[in-house]
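Student: Let me begin by handing over the structure; questions about it come next.
A short reminder: the numbers here are calculations on the coordinates, not readings from a lab. Note that the structure is a prediction, hence the values are computed from the model and not measured. Positions of Cβ are backbone-derived with ideal geometry, glycine not excepted, and every protein chain shown enters the neighbour counts.
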Amino acid sequence: MLIEFRVSNFRSFREEQVLSLVASRDKAHPENLIPAGKFSLLKSAAIFGLNASGKSNLIQAMAVMEAFVLGSATKMNQGDKIPGIVPFRLTPETRDKPSTLEVTAIVEGARFNYGFSATRERVHDEWLTVWPDEGRPRNWFDRRFDPATRETNWVFGGPLKGEERVLRERTRDNGLVLSRGAEMNIGAVARFFTWFREGIFSVDLSDRPDWLMSLTAEWVKDYASYRKFVTQLLRHADLGIDGVSLLQDDPRNATPPVTGRAAPPRRIAIRSLHRIAGTDQVEEFGFEEAESNGTKRLFALAGMLLLALQSGQALVVDELDCSMHPLLTRKVIELFQSPTRNAKGAQLIFATHDSTLMDPELFRRDQIWLTEKNEAGATQLFSLHDIEEEKRPRNTEAFQRNYLAGRYGGVPKFGPFLEDIKAK
């Protein structure tokens, strides 16, 4: 389960910003919380903000970290550029500095804090601290690069103490200790590496959903539980679809959205089934040709929804509402908020422009996050609960109305070319 994510000097983020899934003392919606030892964690977090305020950059930072961890040891060679690393470029002092990404998560009862700083050319720092069974913290490894001497200082502890020499020798300048240790099947780090592969998944729904559609189709074809879930989801979403039919393999390739994950081994042709009114007959349509963008994105996301709910995964989505009706988007969120549908502690973190979701009947104040840029063009990230106490919205407020009125921040401030437009 995700506890928090930190990012600094990455794209529009200059100073460190923190997305925390740790619940505040707010008493609203206790059903939206996951008990996790000493923590109460949020089942979902919604990120709002004007265009270009940094919402997508936050999701991208999580995706870049995920992809680099998964692909560092097996998909990169010495001298390769580290993919996705882009520093904050609007101040001279940050342009050549490393970007820093850090995550804290609970995996099998232990708390892991892991992060790295890197430029496109090399990893500067990397660290992993573990609280086993919420005991005292143990520093498993720490590497620090000194730009002046061009030397790296390495410290290993805990179960990695005996692996120091081989990990130092086999970890490239542009690679991660975590990835190399997992590739070498060192169980201590492989356990946490597996969380990046199976415990968190980032996706951008504004991209063409071909890859995710192929993944969902493969799971529907191979597993009865996915077939049942996807059929019910499409049928009950009032899309006019009675089911889907999966035909012969399609030879076209689907490109995965992040470099750390492989494409499905095959691409399956999808047909949607529409019942002919007043009969028991159905008509088949080519899914990609006949269905709307919103329907295709719902189908694409359906496989990841079920995987997250079944395994307690953290699902991170940019543009969750892309081409989907607001009420349908709300139902997707309610799947994660439901104590019965989400019994494994799955989490949904998503960015959206749909302010109708900013509803105190749906979310607590600590679940609603805003992004906005300061005078330097750097993104600031905060929740409604983070607003200073005298200005903090009450749980009974109309969040959407006050947000659009600019009371919380995170909305556009139009210039005269747009502001002075008057309707006739």
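Student: In whole angstrom, note down how far apart the Cα centers of segment 306-322 and segment 81-127 are.
Tutor: About 23 Å separates the Cα centre of segment 306-322 from the one of segment 81-127.
Student: Please state the charge dipole magnitude for the chain, taken about the Cα centre, from unit charges on C-beta atoms (+1 on K and R, -1 on D and E), reported in debye and rounded to the nearest 20.
Tutor: 440 debye
Student: Want the number for LYS413 to GLN400: 0.36 nm per residue separation, take away the alpha-carbon distance, what's left?
Tutor: Full extension from LYS413 to GLN400 adds 3.0 nm.
Student: Also, I was wondering about something else. May I ask you to order 25-31, 59-65 by the average number of other C-beta atoms within 10 Å around their residues, highest value first?
Tutor: Ranked from most to least packed, the peptides come out as 59-65, 25-31.
Student: Any idea which of PRO35, LEU362, GLY84 is furthest toward the positive side of the dipole for the chain, if Lys and Arg beta-carbons carry +1 and Asp and Glu beta-carbons -1?
Tutor: PRO35
Student: Using r as the Cβ-Cβ distance of ARG168 and ASP133, and R0 as 30 Å, what FRET efficiency do you calculate, to the nearest 0.05?
Tutor: The pair ARG168/ASP133 has a calculated efficiency of 0.55.
Student: Now a separate question. Under the rule of at least 5 residues apart or a separate chain, name every residue whose amide H is placed under 5 Å from the amide H of SER44.
Tutor: Those qualifying (amide H under 5 Å, at least 5 residues apart or on another chain) are LEU348.
Student: Give me the number: length gained by fully extending THR149 to ASN185, i.e. 0.36 nm times residue separation minus the C-alpha to C-alpha distance, one decimal in nm.
Tutor: 9.7 nm
Student: How large is the helix-only mean residue ellipticity at 222 nm for the chain, computed as the sum of -39500 (n - 2.57) over DSSP H runs with n ≥ 4, divided by its residue count, in deg cm²/dmol to the nearest 500?
Tutor: The helix contribution divided over the chain gives -8000 deg cm²/dmol.
Student: Once R0 is set to 22 Å, what does the formula 1/(1 + (r/R0)^6) return for the Cβ-Cβ distance between ALA224 and ALA277, expressed as a FRET efficiency to the nearest 0.05?
Tutor: Between ALA224 and ALA277 the formula returns 0.15.
Student: Segment 333-397 to segment 149-192: how many Å between their Cα centroids?
Tutor: Rounded to whole Å, the Cα centres lie 37 Å apart.
Student: Please check which bits of segment 20-64 a label hung off GLU389 would reach, taking the label as a point 7 Å along Cα-to-C-beta and the cut-off as backbone N under 18 Å.
Tutor: Residues 24-28 fall inside that zone.
Student: For the chain, what does the relative contact order come out to in percent, with C-alpha contacts under 8 Å and a separation of six or more?
Tutor: Here the relative contact order equals 20 percent.
Student: Ordered by residue, what ³J(HN,Hα) values in Hz, to whole numbers, does segment 227-234 give under the Karplus form 6.51 cos²θ - 1.76 cosθ + 1.60, where θ = phi - 60° and Gly and Pro are x?
Tutor: Result, ordered by residue: 4, 5, 5, 5, 4, 5, 4, 5 Hz.
Student: Checking the table LYS75/LYS97; LYS81/LYS296; LYS221/LYS331; LYS38/LYS344 against a 23 Å threshold on Cα-Cα, which pairs fail?
Tutor: Those over the limit are LYS75/LYS97; LYS81/LYS296; LYS221/LYS331.
Student: Here are labelled values, (i) 77, 56, 44; (ii) 79, 47, 46; (iii) 90, 57, 45, and one is the computed Cα extents along the principal axes in Å for what I pasted. Which one?
Tutor: (i)
Student: Write down, largest first, the equivalent ellipsoid semi-axes of segment 1-64 in whole Å, where each equals the square root of 5 times an eigenvalue of the alpha-carbon gyration tensor.
Tutor: That gives 25, 13, 10 Å for the three semi-axes.
Student: Just need the relative contact order of segment 148-195 here, percent rounded to a whole number, with Cα pairs under 8 Å and 6+ apart.
Tutor: It comes to 25 percent, rounded to a whole number.
Student: Starting from the Cα-Cα distance between SER245 and LYS331, subtract it from 0.36 nm times their residue separation and give me the gain in nm to one decimal.
Tutor: Extending this stretch completely gives an extra 28.5 nm.
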